[in-house]
Amino acid sequence: MKTQTAYNFPDAKGKFGIYGGKFVPETLISALTELEKLYREARHDKEFQDELDSLQREYNGRPTPLTFAKRLTDHYGKAKIYLKREDLCHTGAHKLNNALGQILLAKKLGKTRIIAETGAGQHGVATATVCAKFGLKCVVYMGEVDIERQKLNVFRMKMLGAEVVPVKSGSRTLKDATSEAIRDWVTNVSDTHYIIGSVVGPHPYPMIVRDFQSVIGNETKDQLRNSENQLPDYIVACVGGGSNAIGIFYPFINDKNVKLIGVEAAGYGIDSGKHCATLTLGQPGVFQGMKTYLLQDANGQISEVHSISAGLDYPGVGPEHSLLKDIERVRYESVTDNEALDATLLLSKLEGILSALETAHAIAYLNKLMPTTNKDEIVVVNISGRGDKDLNTIISQIGEKVL
Amino acid sequence: MKKISEHIEQINKSGRKALSIFLTAGFPTKENFVELATTVLENGADMLEIGIPFSDPLADGQIIQSSSQAALENGVTLKDVFHYCEKISAKIDKSRFLRDKPLILMGYANPILKYGIKNFCTDAESSGVSGLIVPDVPLEEYESFYNSDFKSLEKILLTTPTSSDERIKEIDQRSEGFVYCVSVTGTTGIKNKFDENVLKNLERTYTIVKKNKMLIGFGISNAQNVKTFAPYCDGVIVGSAVIKKISEAKTISEIGGFIKELSDACV
C-alpha cells in the first residue's frame with residue numbers, strides 16, 4: 001500500500017494531491033475565503049465545538065449505535081459484521097451531521113438565507129430541519145426526476161418550511177440541482193450560505209463536510225475498541241459524492257491495516273453505459289468547482305448517468321476520494337441496481353433494518369467481500385440511511401418478491 | 001494574431017466604446033453559424049466572443065444554458081468551433097471593413113482540458129483566435145490551468161462586484177487583452193434595471209483597472225443599458241440579449257439590425 005506516512009490533506013490551496021481546488025466564478029471567491037477563515041477559527045473554538053457536540057447528542061441522537069449483525073454474520077459464516085447505524089440519526093441519515101455543523105457556521109457568518117441541493121432528498125430534509133430549528137429561510141434545489149422518485153422527502157421538506165425548487169435542466173437529477181444551487185449562490189451570495197451536502201464542490205467544502213462527517217468514524221473506532229478491543233479489518237461504505245464514506249474512512253486513514261472499500265453504483269451494469277461508477281470508469285476533469293474523477297464523454301461533456309438510488313446518481317465524486325483511489329488507500333468497487341435491491345431485502349429479513357437504496361450498495365458488496373474474509377476478522381458496514389423514502393421504488397421494482 | 005488591446009485602443013481613440021458580442025458556437029444551427037457571425041461583425045460588433053458549448057455552464061443563466069444545450073444537440077464539438085473560427089478569420093482578413101476585429105473564445109475548463117491544453121492553444125492560434133475567457137478558472141487556479149502552452153493566446157480574467165480592490169489590482173496585473181468586469185453578482189442574463197450600487201461598483205473597478213482596457217458584461221440588454229454603462233468602461237459585452245434575439249428573429253437581417261442599434265449606442 002502506497003500511503004504516505006502522514007496523510008494531511010487538503011493543502012493550503014485546498015488540493016488533495018492534484019484534485020480539489022476552487023474552480024468557480026470569481027463572484028464566489030470572497031464567500032469561499034470568508035467561509036474557510038471562519039471554519040479554521042471554529043475548528044479550534046471550544047465554544048463552537050461544545051455547541052455542536054451538544055446538538056449532535058441532544059438533537060441528532062449521537063452517538064449512533066454500532067450494532068453487531070448476528071444473523072447477517074451467520075448468513076455468510078465468515079468475519080463478524082458490525083453495522084454503524086447512521087440510519088438512526090434524526091431525519092434518518094448521516095446528512096444531519098454536516099447540516100448541523102454548517103448551520104452554526106452560517107449563523108456565525110451572519111447569513112439569513114440557506115440554500116442546498118438534494119438528490120435522494122435526505123440532505124434537503126436535513127437542511128430544512130436545521131433551518132426550521134434555527135429559524136432561517138431555506139431553499140432546496142432538486143431535479144424533477146428525483147422529485148418524482150423521492151416524493152415523501154419533498155413533502156417532508158415542505159412541512160419543515162422549505163421551498164423546493166424543481167430543476168428542469170440536463171438530466172434533472174443531483175448534478176443539475178447542484179449547478180442550479182451554485183447559480184443561486186452566485187446571485188445571492190451576500191445574504192446566502194450554501195450548505196453543500198457532500199464532500200464535493202470547491203474548497204473548503206470537501207474539507208468541512210469531511211470534518212463534520214468524521215464523527216461517524218471516530219465513534220466507530222471508540223465503540224469497536226470497547227466491544228472487541230481492536231480495529232476493524234474492513235470498512236465498507238457506499239460512494240456517490242462520498243460523504244458517508246469519507247466520514248467513516250477518514251479517522252482510519254493512518255491505520256494502514258484497516259482495509260477501506262467504497263462501493264459505487266453500477267446501475268444497469270458497468271458495461272451498460274448507464275451507471276455512476278465514477279472512480280471505476282471516470283477520468284479526471286473539472287466540474288462544479290473541483291478537479292476530480294468524472295464520467296464524461298470524449299469532448300469533455302459531463303455524462304448523463306443512472307442509478308436506482310437518487311443519492312448516488314451523480315457523475316462526479318469528492319476530490320479526496322480521487323486522491324485515495326490514486327494512492328490506493330481505498331479500494332473502489334461497484335454493484336448494480338438489482339444487487340442493491342436484493343441487499344435491501346436481505347438486511348430487512350436478517351437484521352430487521354430497512355436501509356436506504358444508497359446504503360444497500362455497501363451491503364450488496366458483502367456478497368463479494370465476505371467469502372474472502374476469515375472468522376477472526378471484523379467488517380464494519382456504514383448504514384448511511386434508512387429506506388422508508390425508497391419504498392415506492394422498491395415496491396415498483398421488486399414488489400412481487402415481497403408480496 | 002490580432003492584439004485585442006490595440007484594437008480597443010483604436011476604437012476608443014475614434015471616440016467610441018468597443019462592442020463585443022457573444023455568440024454560442026453552432027447556435028442556432030451549425031450550417032449558418034459563420035454567416036451569422038459575419039453579419040454580427042458587419043453590423044458593428046468590434047469583436048466576437050464565441051462560446052464553447054458545455055453541458056453544465058455554471059456561470060450562465062437560462063438563455064445561454066439553452067443555447068449551449070441546443071448546440072450540443074446539434075453535435076457541436078471544439079473541432080467545429082475552431083473550424084468556424086478559421087472561416088470567420090478568413091472573412092475578417094479579406095474585408096477592409098472588418099480588418100483587425102479579434103475573435104475570443106469563452107469556455108469552461110473541462111472541455112478545454114479534455115481537448116488538451118497544448119492542442120487547444122495550437123488550434124486556437126492557427127484558426128485566428130486572439131484571446132480566451134474561462135469563467136471557472138479564478139486567480140486561485142491560474143497557475144494550475146494557464147501553463148506554459150499558452151503563448152500568444154491572451155488570457156482574459158474577470159472581476160465581479162465581490163472582488164476586493166486588492167484582487168482587482170492583481171486581476172488587472174495578470175489579465176491580457178482586457179479586463180472583463182462582471183456588472184452584477186449573478187449569472188449571465190437579461191436585466192431590466194441596474195441599481196445605484198451596480199454603477200458605484202463599476203466606477204470603483206474602472207478606477208482600479210489601469211494596465212488593461214476594461215469591458216463590462218452580464219445583463220446588458222439594450223442600447224439604453226449601453227449608454228448607461230459607457231462612462232465607466234472602454235467597451236461593453238452583450239450576450240444573452242443577442243442569443244434571445246437570435247432565437248426569436250425570423251431573418252438574419254433582424255439580428256443585424258439589433259447589433260446596429262447596440263453599436264450606435266457605443267458613443
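The values are calculated or read from the model by the stated rules, or taken from the named source; none is laboratory data. Computed from a prediction, not measured in an experiment: that's the story for all the values here. Every residue, glycine among them, receives a Cβ derived from its backbone with ideal geometry; neighbour counts consider all protein chains shown. To get the accessible areas, we keep the full protein, side chains included, count just its heavy atoms, and leave off ligands, DNA and RNA. Shrake-Rupley method; radii C 1.70, N 1.55, O 1.52, S 1.80 Å.
In the set (1) open to solvent by less than 40 Å² (accessible area, probe 1.4 Å); (2) closer than 18 Å to A:PRO251 by Cα, the condition left unmet by A:GLY14 is number (2). Considering only residues in the range A:329-368 that are among the acidic types (Asp, Glu) and part of a helix (DSSP H, G or I), the one that is nearest to the chain's Cα centre (by Cα) turns out to be A:GLU358.
Tell me which residues, restricted to the range A:260-304, are small (Gly, Ala, Ser), within 11 Å of chain B (Cβ to nearest Cβ) and within 21 Å of the chain's Cα centre (by Cα). Within the range A:260-304, A:GLY285, A:GLY289, A:SER303 meet the criteria. Only residues that are more than 20 Å from A:VAL189 (Cα to Cα) and of a type in the set (D, E, K, R) were counted in the range B:156-203, giving 6.
Looking across A:SER227, A:SER179, one residue alone is within 11 Å of another protein chain (Cβ to nearest Cβ) and hydroxyl-bearing (Ser, Thr, Tyr). It is A:SER179. Between A:GLY161, A:GLY170, the distinction of being within 10 Å of another protein chain (Cβ to nearest Cβ) and surrounded by fewer than 20 Cβ atoms within 10 Å (Cβ to Cβ) belongs to A:GLY170 only.
As a summary of the residue check, B:LYS155 satisfies the conditions (1) away from chain A (no Cβ under 12 Å); (2) in contact (Cβ under 8 Å) with a residue 60 or more places away in the chain; (3) not polar (S, T, N, Q); (4) not in a helix (DSSP H, G or I) except for the one numbered (2). Scanning the range A:186-208 for residues that are open to solvent by less than 10 Å² (accessible area, probe 1.4 Å) and in a helix (DSSP H, G or I) yields A:VAL186, A:TYR205, A:PRO206, A:MET207, A:ILE208.
Flag: A:ILE114 matches the condition of being part of a strand (DSSP E or B), touching a Leu at 6+ places or on another chain (Cβ under 6 Å) and closer than 15 Å to A:ALA162 by Cβ. Residues that are modelled with pLDDT of 95 or more and hydroxyl-bearing (Ser, Thr, Tyr) occur in the range A:375-392; there is at least one. The residue of the range A:1-11 that is least open to solvent (accessible area, probe 1.4 Å), among those that are farther than 29 Å from B:GLY107 by Cβ and not aromatic (Phe, Trp, Tyr), is A:THR3. Got a number for residues in the range B:176-210 being part of a helix (DSSP H, G or I), touching a residue at least 24 places away in the same chain (Cβ under 8 Å) and more than 20 Å from B:ASP60 (Cα to Cα)? Count: 9. The criterion of being under 15 Å from A:ASN244 (Cβ atoms) and of a type in the set (Ser, Thr, Tyr) does not hold for A:THR344. Among the residues of the range A:115-135 satisfying the criterion of being aliphatic (A, V, I, L, M), touching a Lys or Arg at 6+ places or on another chain (Cβ under 7 Å) and modelled with pLDDT of 95 or more, which is surrounded by the fewest Cβ atoms within 10 Å (Cβ to Cβ)? Out of the qualifying residues, it is A:VAL125.
If you go through the range B:159-172 and keep only what is free of Cβ contacts under 8 Å to residues at least 40 places away in the same chain, crowded, with 23+ Cβ neighbours inside 10 Å and at the interface with another protein chain (Cβ under 7 Å from one of its Cβ atoms), you end up with just B:THR160.
Residue by residue, here is whether (1) farther than 14 Å from A:GLU358 by Cβ; (2) in contact (Cβ under 8 Å) with a residue 40 or more places away in the chain; (3) not acidic (Asp, Glu) holds:
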{"residue": "A:CYS238", "(1), (2), (3)": "no, yes, yes"}
{"residue": "A:ALA266", "(1), (2), (3)": "no, yes, yes"}
{"residue": "A:GLY285", "(1), (2), (3)": "yes, no, yes"}
{"residue": "A:MET290", "(1), (2), (3)": "yes, yes, yes"}
{"residue": "A:LYS325", "(1), (2), (3)": "yes, yes, yes"}
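Elements of the type strands (runs of 3 or more DSSP E) sitting completely within the range A:1-99 and holding at least 1 residues that are away from chain B (no Cβ under 14 Å): these cover A:66-68, A:80-85.
Taking (1) within 13 Å of chain B (Cβ to nearest Cβ); (2) surrounded by fewer than 24 Cβ atoms within 10 Å (Cβ to Cβ) in turn, A:GLU148 satisfies each apart from (1). If you go through the range A:23-53 and pick out every residue that is open to solvent by 40 Å² or more (accessible area, probe 1.4 Å) and out of contact with any Leu (no Cβ under 9 Å at 6 or more places or on another chain), you end up with 13. Somewhere in the range A:334-355, is a residue more than 19 Å from A:LEU72 (Cα to Cα), in contact with a strand residue (DSSP E or B) (Cβ under 6 Å, 6 or more places away or on another chain) and buried (at least 21 other Cβ atoms within 10 Å of the Cβ)? Yes. The set of residues in the range A:148-189 that are of a type in the set (Gly, Ala, Ser) and in contact with a helix residue (DSSP H, G or I) (Cβ under 8 Å, 6 or more places away or on another chain) comprises A:GLY161, A:ALA162, A:SER169, A:GLY170, A:SER171, A:ALA177. The residue that is nearest to the other protein chains (Cβ to nearest Cβ), counting only those in the range B:124-152 that are assigned to a helix (DSSP H, G or I), farther than 17 Å from B:ILE52 by Cβ and open to solvent by 10 Å² or more (accessible area, probe 1.4 Å), is B:GLU140. If you go through the range B:211-226 one residue at a time, do you hit one that is over 19 Å from B:ALA59 (Cα atoms), open to solvent by less than 10 Å² (accessible area, probe 1.4 Å) and outside any helix (DSSP H, G or I)? Yes, that holds for at least one residue. Among the residues here, A:LEU52 does not qualify as in contact with an Asp or Glu (Cβ under 9 Å, 6 or more places away or on another chain), in contact (Cβ under 8 Å) with a residue 40 or more places away in the chain and aliphatic (A, V, I, L, M). Every condition in (1) at the interface with chain A (Cβ under 7 Å from one of its Cβ atoms); (2) within 23 Å of B:GLN65 (Cβ to Cβ); (3) open to solvent by less than 20 Å² (accessible area, probe 1.4 Å) is met by B:CYS181 except one, and the failing one is (1). The number of residues in the range A:67-86 that are surrounded by fewer than 24 Cβ atoms within 10 Å (Cβ to Cβ) and within 15 Å of A:GLY385 (Cα to Cα) comes to 2.
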